[in-house]
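Asks: This structure is in structure tokens; I'll ask about it shortly.
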Amino acid sequence: MPHPVVEGFRKEWPAAFAGPLLDKLSGNAFRWSTTQNRRSRGEIPRECFVEGRPTLVLRDPFLNWIDSRLAAVSEADPPSRSSPRRRRRPCSAGDPGQAKA
């Protein structure tokens, strides 16, 4: 089942749009600059875009990729809890940091 956020975007976004509009359309949940970096590293499939000036984002392939990323994150194990932080030692009577009465 698709993530509810993805389904909401699918209903609201046009079928194709100029890449720089991604920030506004997503309410800054997805940033065009980050998308460009991921695209240049090959992390996002090429079929999500139409090269040109401006680069177009194809809604359905792009949202399918986002949905697959969200599914992978939700299926991942939660991070293990590290040991609790050490508590501060109580100040001793001879400690120079302790206020004198």
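Laboratory data are not the source of any read-out in this text; all were calculated from the coordinates shown. On a predicted model such as this, the values are computed, not experimentally measured, just so you know. Note that we place each Cβ from the backbone using ideal geometry, even for glycine, and neighbour counts take in every protein chain shown.
Asks: I need the shape label for segment 4-64. Rule: rounded when a/c is under 1.5, else prolate if a/b > b/c, else oblate, with a, b, c from the alpha carbon gyration tensor.
Replies: rounded
Asks: What distance in nm separates the two pseudo spin-label positions at THR55 and LYS24, each 7 Å out from Cα along the beta-carbon direction?
Replies: 1.9 nm
Asks: Based only on other Cβ atoms within 10 Å, what is the fewest-to-most ordering of VAL57, VAL50, VAL73, VAL6?
Replies: Ascending number of Cβ neighbours within 10 Å: VAL73, VAL50, VAL6, VAL57.
Asks: Test of understanding: ordering SER26, SER33 by Cβ neighbours within 10 Å, fewest first, what list do you get?
Replies: Numbers: SER26 17, SER33 11.
Ordered by Cβ neighbours within 10 Å, fewest first: SER33, SER26.
Asks: I've got another one for you. Taking the Cβ of each residue in GLU43, GLU75 as the centre, tally the other Cβ atoms inside 10 Å and list the residues starting with the fewest.
Replies: Listing GLU43, GLU75 from fewest to most nearby Cβ atoms yields GLU75, GLU43.
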